[in-house]
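The values are calculated or read from the model by the stated rules, or taken from the named source; none is laboratory data. Computed from a predicted model, the values in this text were never measured in an experiment. Here Cβ is always computed from backbone atoms with ideal geometry, including for glycine, and neighbour counts include all displayed protein chains. SASA here: full protein model, heavy atoms, side chains in, ligands and nucleic acids out. Shrake-Rupley method; radii C 1.70, N 1.55, O 1.52, S 1.80 Å.
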Amino acid sequence: MSSFQMAEDLCKADTIKLRNRHIGKSCQLFYKGAPLKIVRGQGQYMYDEEGTRYLDCINNVAHVGHCHPRVVAAGCRQMATLATNNRFLHDELVRCAQRIADKTPGDLSVCFFVNSGSEANDLAMRLARAATQQRDIITLDHAYHGHLISTMEISPYKFNQPNGDPKPAYVHVAPPPDTYRGRYTSRKHSDDELAQLYASEVDEIIAKIKAEGRGVAAFIAESLQSCGGQIIPPKQYLGNVYKAVREAGGLVIADEVQVGFGRVGTHFWAFEQQNVIPDIVTMAKPIGNGYPVGIVITTPAIADAFASSGISYFNTYGGNPVSCAIVNAVLDVIEGEGLQDNALKVGHHLIEQSKMFAYDFDLVGDVRGSGLFLGIELIRNHETLEPATDEATFVVNRMKDLHHILVSQDGPNNNVIKLKPPMVFNIENADEFLLAFRECLNTLKAMEQKSSEVTGQTTIVCTKSEAKILKTSEVLIKGV
């Protein structure tokens, strides 16, 4: 076969066989029971090997839409001209840094380029430790900040799993500001009280660190927590926490990987919703529309403190010309196509209409979000807030299999339906999701009624996911 000829596509079964043979078993797929083979993407849609179209509500990585022509053209053009490391002068790099700085408030103006969000958060901690000469990091429970050893150590989402490595002594975990099922809830406290109560948990950690004769290097948090279940903090929370950390001599790091670049609709950065300015901001995959790139932006003072350590920093391909050309194109698309305004308009419609489900379905406990960042928490009991995890799994699979819509589930109890679609998601897409989601809830409601009607040794023919929900003594599993 000529080197210019494309290899024939494998059938799905052969793809699975090769994956099982050569890809590590810890590398998980979406929809493990019936994985999708996606061969093409365009805008907010993905297509499998049979040409079936799926509405993508998962891929925040394809920020301006899969295979956006302007982004693809910029990458191809630069790749055909020069692809090298960042230790040569290049205009794409400095223009990219200038544009990111222009969009970031305060004194945040010095950029470091890396390849991923994991590298960005690792470097952010190095910057904080160099500037403060301290080591201790405060993070939030259920947080995820990357897959490097250093970032796994500040990610309870990972280290709290069975067989996870123990938390290092210099890492301190504060409860996330979950006002629905957290330690303090909106059922008992006002928004101002919630902000203060959750911030006081960080105050206690700071006091403990000081009592042990150490100082704080940094507090790190996603501005809106994603893996924790799409958590929207109460107003003033970040302001209270940032003030306490800075008074203790520490720095504050905003992880904007999942929620930056206009996704929240109201602002370009999610932290701006709380009227705060971090000391360090990290960003990654969405700004490259899926191409490997990450950026850390900080103040000149912090960057100078890092430089004065005497250890030079370089990242061979972080900030390479191709990545930077793509970032510049993504910024052009966000601005030129009004995608932040689109997120505000479509997100408002999506969130408000999703809240209507709670009037018809007891299963819907809470709907929260901002822009195109949405979580729908499913519960079995409105008093105990018992999580409806099996029901959430059923919804995810039914949305894929019947409606060809891709959503995911997350949160500490895996009962939150998450939506983080490409920013080109439109009103018609939102209505398609809403109609399909209502059908899933109606199906679950009918299944619950069926379950309450059967007794004894009644046999129900159902799928595996239905069997977990139907509370009968005997089921016959369909081969589905």
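The set of residues in the range 268-305 being among the β-branched types (Val, Ile, Thr) and either open to solvent by less than 10 Å² (accessible area, probe 1.4 Å) or within 13 Å of residue 104 (Cβ to Cβ) (or both) consists of 276, 277, 280, 281, 282, 287, 293, 295, 296, 297, 298, 299. Checking each residue in the range 262-295 for being among the charged types (D, E, K, R) and under 14 Å from the mean Cα position of the chain (by Cα) picks out 263, 285.
The helices (runs of 4 or more DSSP H) found entirely in the range 366-479 that carry 1 or more residues being aromatic (Phe, Trp, Tyr), buried (at least 18 other Cβ atoms within 10 Å of the Cβ) and modelled with pLDDT of 90 or more are 389-401, 427-453. Any chance the range 106-124 includes a residue that's touching a residue at least 60 places away in the same chain (Cβ under 8 Å), in a helix (DSSP H, G or I) and more than 21 Å from the chain's Cα centre (by Cα)? No, because not a single residue in the range 106-124 is touching a residue at least 60 places away in the same chain (Cβ under 8 Å), in a helix (DSSP H, G or I) and more than 21 Å from the chain's Cα centre (by Cα). Residues in the range 351-365 that are among the β-branched types (Val, Ile, Thr) and either open to solvent by 10 Å² or more (accessible area, probe 1.4 Å) or touching a His at 6+ places or on another chain (Cβ under 6 Å) (or both): 351 only. Say we look at the range 14-26 and pick out the residues that are exposed (fewer than 12 other Cβ atoms within 10 Å of the Cβ) and at pLDDT 90 or above; which of these is farthest from the chain's Cα centre (by Cα)? Only one residue tops the list, namely 14.
Within the range 231-259, the set of residues being in a loop (DSSP other than H, G, I, E, B) and within 25 Å of residue 60 (Cβ to Cβ) comprises 232, 233, 234, 235, 256, 257, 258, 259. Of the residues making up the range 120-134, those that are over 16 Å from residue 172 (Cβ atoms) and surrounded by fewer than 24 Cβ atoms within 10 Å (Cβ to Cβ) are 122, 126, 130, 133. Looking across the range 375-416, just one residue is touching a Gly at 6+ places or on another chain (Cβ under 7 Å) and closer than 14 Å to residue 30 by Cα, and that is 410. Residues of the range 181-194 that are in a loop (DSSP other than H, G, I, E, B) and either under 19 Å from the mean Cα position of the chain (by Cα) or without any contact (Cβ under 8 Å) to a residue 60 or more places away in the chain (or both): 182, 183, 184, 185, 186, 187, 188, 189, 190. Only a single criterion out of (1) modelled with pLDDT under 95; (2) out of contact with any strand residue (DSSP E or B) (no Cβ under 7 Å at 6 or more places or on another chain) is not satisfied by residue 86, namely (2). Criterion applied to 213, 164, 262 was being in contact (Cβ under 8 Å) with a residue 40 or more places away in the chain and either open to solvent by less than 20 Å² (accessible area, probe 1.4 Å) or in a loop (DSSP other than H, G, I, E, B) (or both), and the one residue passing it is 262.
I'd like to know if the range 179-199 contains one or more residues that are among the basic types (Lys, Arg), within 27 Å of residue 311 (Cβ to Cβ) and surrounded by fewer than 18 Cβ atoms within 10 Å (Cβ to Cβ). No: zero hits. Among the residues of the range 135-149, those identified as more than 19 Å from residue 256 (Cβ to Cβ) and open to solvent by less than 70 Å² (accessible area, probe 1.4 Å) are 136, 141.
Could you tell me whether residue 238 is among the hydrophobic types (A, V, I, L, M, F, W, C), open to solvent by 30 Å² or more (accessible area, probe 1.4 Å) and more than 22 Å from residue 160 (Cβ to Cβ)? So residue 238 does not fit the description; no.
Determine the pairs where a residue that is at pLDDT 95 or above, located within the range 281-305, has a partner that is open to solvent by less than 10 Å² (accessible area, probe 1.4 Å) and among the acidic types (Asp, Glu) with Cβ atoms under 6 Å apart, the partner being 6 or more residues away or on another chain. Every condition considered, the pairs that remain are 281/256; 282/255; 283/256.
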